[in-house]
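FYI, it's all coordinate maths here, none of it is from the lab. Every value quoted in this text rests on a predicted model; they were computed, and no experiment measured them. Don't worry about glycine lacking a Cβ; one is built from the backbone with ideal geometry, like all the others, and counts go over all protein chains shown.
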Amino acid sequence: MNNLSVELTKTPKAKPADESKLGFGQIFSDHMLLVKYSKGKGWHDAKITPYQPIELWPAASVLHYSQSIFEGMKAYRAVDGTLRMFRPEENFKRLANSCRRMCIPEMDQQFQMESLVELLKVDQDWIPKSEGTSLYIRPFIIACKNFLGVHPADDYLYMVILSPSGAYYAEGLNPVKIYVEPGYVRAVRGGTGEVKTGANYAQSLKAQEEAEEQGYTQVLWLDGVERKYIEEVGAMNVFFVIDDEIVTPQLTGSILPGITRKSAVELLKHWGYKVSERRLSIDELEEAAKTGRLKEAFGTGTAAVVSPIGQLKYGDDVFTVNDGKIGEISQKLYDNLTGIQYGKVEDPFGWSYIIK
Ligand code: PLP
Ligand code: COI
C-alpha cells in the first residue's frame, strides 16, 4: 500500500513459549497500526510501527469524556495453513456505526481492511498455532484534542493492536456461572448500548466486581427501564433453549448487535431450529427453569466464542442449567463456528476471509 509506511522493530520479542497459558489480552505482538485524523486534513499519516506507548495531551478528550470506540475480531491459523479472519467486514461496518453515534469521523472501510491485512502479514508469526488459540485484533479510535470543552474533538487516533490469545474465560468451554444484575443497568434505548464505546464497559465494572465477589463469572443485564427483560451478558450476547425454541433477546437499541450472535442465528436457522429474536423476561426464564423447560443457555462473542452457561443467580434464586454441563446445541454451535473459523468444516455462507 503506498499510503501506508512501515517501520519494523529492531528488537523483536520472543513469542509465547507455552500457548496453553496465553489467556486473553495479556501479550501484544511486535507491531501496531496508527492513523491520525485532524480537521481539514482528514485521516492521514498511516503507519505500522513497533508496539510502543503513545503520547497524549493531559486534556485529550478521551481521558475526560470517554469519546472512544473499539472493535474485537480475530485472525486464525486454519488447518490448511491459510491465515483467516471471520466476517471482518462486519466489524468495520459496526465501527462505522459507532463512529456516527459517538461523533467520530468515519474512515474508509476498504482502507481499514487493507491496512489490517498488511499489519497481520507483518506480525503473522504471532498468530498462535495451538487448538483454540487465535490472534485477537483490537481496532480502536480515541479523541485526542487538547481541549476541556464537552464537544466532539478535532483530532483522533485510529490504532490496531494484536494480542495472541486463548480462552477468554478461565473456564474454557466449561459452563460459566452468571449473575443476573437486579440493580445496576448497562444501557437504555436511545443511549449507547448498541455501539462499542468504552464508556459502556467503564460503567459495567462495579456490577462485574460485585458478581465476581460472589463467585460469578459475568453479569447478565436486564433492560434499563423495567429491569425485567433480558438484554445481554458483559462481553457476549445470550441465547436460551426453552422447549424446542431457541430464544435470543431482540435488538432494541440497548444491546450490542454481536457478529457471533448474527452468525449463530443464521447457522441455527440453516440447521432447521426454531430461532426467535424476541423479548424474554427474567420471570419467563425462571418459570422455564423451574418447570424443566429451560434446556440450555449460552453466550456468544468474538472473545468468548460460544460459552455455555451452567448456573444463573437472580436474587435469592439460583438455577442450574442442564445439570451444569454443556448442552447439545451449544456444543454443535461451538464445533461448527470454530470449525468454519479454523477451516475444518464447510463454510456454507462464505464467512471466512483468507489473508493473501
Ligand atoms: N455484547 C457485548 C457487550 C460485547 O462486548 C461483545 C463482544 O464484542 C458481544 C456482545 C459480542 O459481539 P461479537 O459477537 O460481535 O464479538
Ligand atoms: C470481544 O468479544 O471482542 C469483546 O470486545 C469483548 C470484550 C469487551 C473483551
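Full extension of the chain between residue 243 and residue 262 gives 4.7 nm of extra length, using 0.36 nm per residue less the Cα-Cα distance. Relative to the longest principal axis of the Cα atoms of the chain, the long axis of helix 109-122 lies at roughly 80 degrees. If you take the Cα centroid of region 1-61 and the Cα centroid of region 206-235, the two points sit 33 Å apart. Under the combined filter of DSSP loop state and at most 13 neighbouring Cβ atoms within 10 Å, region 172-281 retains these chymotrypsin sites (Phe, Trp or Tyr not before Pro): 271.
Computing Rg and the Kirkwood Rh from the Cα coordinates of region 5-165 gives a ratio, Rg/Rh, of 0.98. If you take the Cα centroid of region 286-348 and the Cα centroid of region 87-145, the two points sit 28 Å apart. Applying a DSSP loop filter and a limit of 13 other Cβ atoms within 10 Å to the GluC sites (Glu not before Pro) in region 184-250 leaves 226.
3J(HN,Hα) along region 130-146, derived from phi through the Karplus expression 6.51 cos²θ - 1.76 cosθ + 1.60 where θ = phi - 60°, amounts to 6, 3, x, 10, 7, 9, 6, 10, 10, x, 7, 10, 10, 8, 10, 4, 7 Hz, with x in place of Gly and Pro. Between residue 4 and residue 317, the distance separating the two model label sites (each 7 Å from Cα on the Cα→Cβ line) works out to 5.1 nm. Computing FRET efficiency as 1/(1 + (r/R0)^6) for residue 325 and residue 225, where r is the C-beta to C-beta distance and R0 is 35 Å, gives about 0.50.
Peptides 260-270, 20-30 ordered by packing proxy, namely the average of other Cβ atoms within 10 Å per residue, highest first: 260-270, 20-30.
Full extension of the segment from residue 14 to residue 56, taken as 0.36 nm per residue of separation minus the current Cα-Cα distance, would add 12.3 nm. Checking every one of the GluC sites (Glu not before Pro) in region 81-180 against DSSP loop status and a limit of 12 other Cβ atoms within 10 Å picks out 131. Helical runs assigned H by DSSP (4 residues or longer) give the chain a calculated mean residue ellipticity at 222 nm of -7000 deg cm²/dmol, each run adding -39500 (n - 2.57) before division by the residue total.
To the nearest 10 degrees, how steeply does helix 88-101 sit against the main Cα axis of the chain, on a 0 to 90 scale? Tilt of helix 88-101: around 80 degrees. Across region 168-238, Cα pairs under 8 Å and at least six residues apart give a relative contact order of 36 percent. Of 192, 300, 82, which is the most mobile in a GNM of the chain whose springs link Cα atoms less than 10 angstrom apart? So, out of 192, 300, 82, the one fluctuating most is 82.
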